[in-house]
Amino acid sequence: MEVVVALLMFVNFEIKEHRIQPSMSVCLRGKRKAERTYSSTVSYKCIKTQAELEKNIDGSISIKKIVLN
């Protein structure tokens with residue numbers, strides 16, 4: 001478990017994608033950029049939360065499970 005900043009994408013109020021971000025400011029910048037393409041069913045949110053991480057085959061780290069407080 002580790003505390004991370006994550007950019008979440010919601011489709012119809014359900015988390016469909018999550019990405020680790022290096023900081024809250026980078027996350028908010030990505031959120032603003034993503035929101036330029038408007039869709040009534042898609043929304044984005046930046047959160048700082050505990051997450052279970054896993055290492056991918058290529059060496060990158062991704063979120064395996066988000067622990068909402």
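The values are calculated or read from the model by the stated rules, or taken from the named source; none is laboratory data. Given the structure is predicted, the values throughout are model-derived calculations rather than measurements. Note that we place each Cβ from the backbone using ideal geometry, even for glycine, and neighbour counts take in every protein chain shown. Side chains are part of the model used for accessible areas, which takes the heavy atoms of the whole protein and leaves out ligands, DNA and RNA. Shrake-Rupley method; radii C 1.70, N 1.55, O 1.52, S 1.80 Å.
Here are several values of Kirkwood radius over Cα pairs in Å: (i) 14.1; (ii) 11.8; (iii) 12.6. Which one was derived from the coordinates shown?
The listed entry that was calculated here is (iii).
Heavy-atom accessible area per residue, the chain, 1.4 Å probe: how many Å²?
Details: 5250 Å² over 69 residues.
Value returned for the chain: 76 Å² of accessible area per residue.
At 7 Å along Cα-to-Cβ for each site, give me the label-to-label distance between S43 and N56 in nm.
Once both label points are built, they end up 2.8 nm from each other.
Ignoring ligands, DNA and RNA, what percent of the accessible area of the chain is carbon or sulfur (1.4 Å)? Walk me through the numbers on the way to the answer.
Details: 2700 of 5250 Å².
Solvent-exposed carbon and sulfur of the chain make up 51 percent of the total.
Taking only DSSP H segments of four or more residues, each worth -39500 (n - 2.57), what value at 222 nm results for the chain once the sum is divided by all its residues, to the nearest 500 deg cm²/dmol? Please list the in-between numbers first.
Numbers: 1 runs with 12 residues, N = 69.
Using -39500 (n - 2.57) per qualifying helix, the result is -5500 deg cm²/dmol.
Taking the chain as the reference, fit the longest principal axis to its C-alpha atoms, fit the long axis of helix 24-35 to the helix C-alpha atoms, and give the angle between the two in degrees, 0 to 90, nearest 10.
Roughly 40 degrees between the two axes.
Normalised by the number of residues in the stretch 16-69, what is the relative contact order in percent for Cα pairs under 8 Å and 6+ residues apart? Display every interim value, and only then the final one.
Details: 46 pairs, mean separation 16.5, N = 54.
Contact order relative to length: 31 percent.
So what J values fall out for the stretch 41-58 if you push phi through Karplus, 6.51 cos²θ - 1.76 cosθ + 1.60 with θ = phi - 60°, rounded to Hz, Gly and Pro as x?
Per-residue couplings from phi come out as 9, 10, 9, 10, 8, 9, 9, 10, 8, 7, 9, 8, 9, 9, 8, 7, 4, 7 Hz.
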